[in-house]
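Note sheet for the following structure.
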Amino acid sequence: MGALKNRRRGGPAKTLTGLNRTGAAFKVLGNRGGISNPSVGDIGRGTEVEMTLGVAPTTERVGRHLGALLIECDSTAGGTISETNPQDVSVNWTSRGSNLVAWCNTGSAVVRFWVF
């Protein structure tokens, strides 16, 4: 028996999902153990982003991502802790499209994020 063909275009017959039989098999087998070759959302494939923050929001273009983790926050900029250089800093961040927006509650802080 010959191969099943799509008579109108002469290519392989399509299934309800729009894939041919081979494509449907690869889709099922590839997703059995999770997403194959993820490019966004895999924490192991993330990138490190360093930002200098102030009270005003700072925007950094990081591309497509699902989240960000704060790795390190240095409010003293490598100096000593004093009244003008406080030890405790509140850092807030949010995602807006392909951008990471972050700010802090003091004059300045150098932070590092893991963006994945």
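For (1) under 16 Å from the mean Cα position of the chain (by Cα); (2) among the β-branched types (Val, Ile, Thr); (3) at pLDDT 70 or above, each residue gets a yes or a no:
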site: Ala25; (1), (2), (3): no, no, no
site: Asn37; (1), (2), (3): yes, no, no
site: Arg45; (1), (2), (3): yes, no, yes
site: Val49; (1), (2), (3): yes, yes, yes
site: Glu60; (1), (2), (3): yes, no, yes
site: Leu66; (1), (2), (3): yes, no, yes
site: Leu70; (1), (2), (3): yes, no, yes
site: Asp74; (1), (2), (3): no, no, yes
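Those residues that are farther than 15 Å from Glu72 by Cβ and either assigned to a loop (DSSP other than H, G, I, E, B) or basic (Lys, Arg) (or both), I need them from segment 96-115; list them, please.
Result: Arg96, Gly97, Ser98, Asn105, Thr106, Gly107.
The values are calculated or read from the model by the stated rules, or taken from the named source; none is laboratory data. All values reported here derive from a predicted model rather than from experimental measurement. No Cβ is skipped: glycine too gets one built from the backbone with ideal geometry, and neighbour counts run over all protein chains shown.
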